[in-house]
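I have placed the structure first, in the form of structure tokens, so that the comments after it can refer back to it.
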Amino acid sequence: MTKYNINRLLHEKKHLKNMKKGLLLLLLINGAINAQNPNFKIDKNTIIWQWVYEDTLDIVNLKQNLKLHFITDSTGNIKRTNFNDKKLHEQIAEFKIQKKQDKYRVTIYNIKIIPPQIAINFGGVSSMPEDLISFETLMIKNNGTIRASPMGFNITENLHNHYLNLFIKTDKEKDNW
């Protein structure tokens, strides 16, 4: 082998090593993008979202939130909403709030997606799909884990931010002119 061939092989080997590092980095970034938010968990084949708020908030103050419908002082429903987020379909869900000293935990469960209302015409007869789709149907894989988000859109991360803000008391100060 000539000196030229040896240098060429060393250069190609170095180039191949850099390509492997780049591919590994790309896979790690893709995994981070598609990783599900850890606050979404599977509990008895049901996807739940939980968050502990370190706050002394009186739960009664959350009753002013128009997106929440309280059935008792600690349970209720999230009303039909997509949180004004065009990437999300409308949904409904149930919640429960557990209170301890200086903190409270919110658990959201029974999340149902409302399919878009598209008229389907069967020879002059229109039909509107009205069945709710369980979040589990969309998000749980056959092996019992939460499905990775398609095409870089992380639905659990997106929902986490909306759910997080839903259970915070927002004080809207009135202007006293």
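The values are calculated or read from the model by the stated rules, or taken from the named source; none is laboratory data. Keep in mind that what you see is a predicted model, and the values were worked out from it rather than measured. Ideal geometry is used to build each Cβ from the backbone, glycine not excepted, and the neighbour counts take in all protein chains shown. The accessibility values were calculated without ligands, DNA or RNA, using every heavy atom of the protein model including side chains. Shrake-Rupley method; radii C 1.70, N 1.55, O 1.52, S 1.80 Å.
In segment 59-81, the count of residues that are open to solvent by less than 20 Å² (accessible area, probe 1.4 Å), closer than 17 Å to Leu132 by Cα and of a type in the set (S, T, N, Q) is one or more. The residues in segment 34-43 that are in a strand (DSSP E or B) and either within 18 Å of Phe83 (Cβ to Cβ) or open to solvent by less than 50 Å² (accessible area, probe 1.4 Å) (or both) can be counted, and the count is 1.
Do any residues in segment 98-118 that are more than 16 Å from His160 (Cβ to Cβ) and open to solvent by 80 Å² or more (accessible area, probe 1.4 Å) have Cβ atoms under 7 Å from those of residues that are of a type outside the set (S, T, N, Q) and at pLDDT below 95, where the two are at least six apart or on different chains, and which pairs are they? If the second residue must be of a type outside the set (S, T, N, Q) and at pLDDT below 95, the pairs left are Lys99/Ile59; Asp102/Glu54; Gln117/Met128.
The residues of segment 44-58 that are at pLDDT below 90 and open to solvent by 50 Å² or more (accessible area, probe 1.4 Å), listed by number, are Lys44, Asn45, Asp55, Thr56, Asp58.
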